[in-house]
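Structure first, commentary second.
The values are calculated or read from the model by the stated rules, or taken from the named source; none is laboratory data. Note that this is a predicted model, so its numbers are computed, not measured. Positions of Cβ are backbone-derived with ideal geometry, glycine not excepted, and every protein chain shown enters the neighbour counts.
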Amino acid sequence: MPKLSEFERYIKELSQALGHRDRHAGFADYSRGLMLPIERKSVEPLAAHTDPLHVSAKHQWLHHLVAQSEWSDSAVLACVRDWVLPMLRRKSRFYWIVDDTGFPKKGAHSVGVARQYCGQLGKQDNCQVAVSLSLATECGSVPIDWRLYLPAVWAKDRRRRKKSGVPLTVKFLTKPQIALEQIRAAKAAGVAVGMVLADAGYGNETAWREALSEMGLEYCVGVQSVTTVWAAGTGPVPPKRKNKIGRPRTRWQRVPGATPLSVKKVSETLSARRSGAREPTRNCRRALPRCECGRRIGMRRGFALHVRINGC
């Protein structure tokens, strides 16, 4: 029973973000239903399991809460964050984890459903995808933002949007663009700043990494193996000045005999020295190769990590 009473206190705390008190009971039933060990967790099976004697009325109540009631999911997530944050130990180092999650679907009517890559299945299939930003420490993690990805085919289909109730204010954004909006919102809300972690789906975009740098954030992200880097002591040179006539040159030049290498080749050269080698310290990071954009590249078990730490 202590666990149950703790769950009830948790739901009561989250209900404060719903606004009208009439939503509290439906929110509590919906939350309990999500914890049940059942395969389908849409409104109809949840109504049947939470109130089997009044399925029709419960179905209508839950559907109104989910589909029509005006409450902010961002406000609820903020309550979740405030509840969990004291348990993550403020003295620990924080991390902001960017990721996306796929939800397999069989129909075509759920908002955002399309044939796209689904992480749960490990292949492209019919699914919804949500982009998340989580706050994590060594003790645990908590999602602080969660947003449904709306594919371009959905964003351009006015009839489909109107039928499913997608607001006109919701425009098409790529997953990295959604993640940047989430990160900016977290900074504006005063969330404890942490190092940004992401896979190559995000880290491979130079503009995305540069946006993190402009916000003054440290990051450690994956990049594709074909990303080119400069070995220590080499690199492009500034463009030579032209005559006063014409537009000045802006592209950096490559000097003869110095060419960038792919991170895969760099990984192969470092693998011979991996055994018995210790992790690089801050003083020896200068030996790490540079990406063409100038940032350091670290190697971990054959994977490339694009690292920005304290502006280096």
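A compact table of results
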read-out	value
Exclusive hit being among the β-branched types (Val, Ile, Thr), out of contact with any Ser or Thr (no Cβ under 7 Å at 6 or more places or on another chain) and more than 30 Å from HIS109 (Cβ to Cβ), set VAL229, VAL263, VAL170	VAL229
Count of the stretch 50-83 residues which are under 22 Å from LEU36 (Cβ atoms), part of a helix (DSSP H, G or I) and without any contact (Cβ under 8 Å) to a residue 60 or more places away in the chain	13
Residue in the stretch 238-272 that is farthest from LEU180 (Cα to Cα), counting only those that are in a strand (DSSP E or B) and modelled with pLDDT of 75 or more	LEU261
Conditions (1) under 26 Å from ARG158 (Cβ atoms); (2) surrounded by 13 or more Cβ atoms within 10 Å (Cβ to Cβ); (3) at pLDDT below 90: number failed by CYS127	(3)
Any chance GLY165 is in contact (Cβ under 8 Å) with a residue 40 or more places away in the chain, within 22 Å of LEU77 (Cβ to Cβ), in the same structural domain as TYR149 (by TED's automatic domain parsing) and not aliphatic (A, V, I, L, M)	yes
Members of the stretch 91-121 found to be part of a loop (DSSP other than H, G, I, E, B), on the phi < 0 side of the Ramachandran plot and not charged (D, E, K, R), listed by number	SER92, PHE94, GLY107, ALA108, HIS109, SER110, VAL111, VAL113, GLY119, GLN120, LEU121
Matching option when the condition is under 28 Å from the mean Cα position of the chain (by Cα) and surrounded by fewer than 16 Cβ atoms within 10 Å (Cβ to Cβ), among ARG21, ARG81, ARG89, ARG9	ARG89
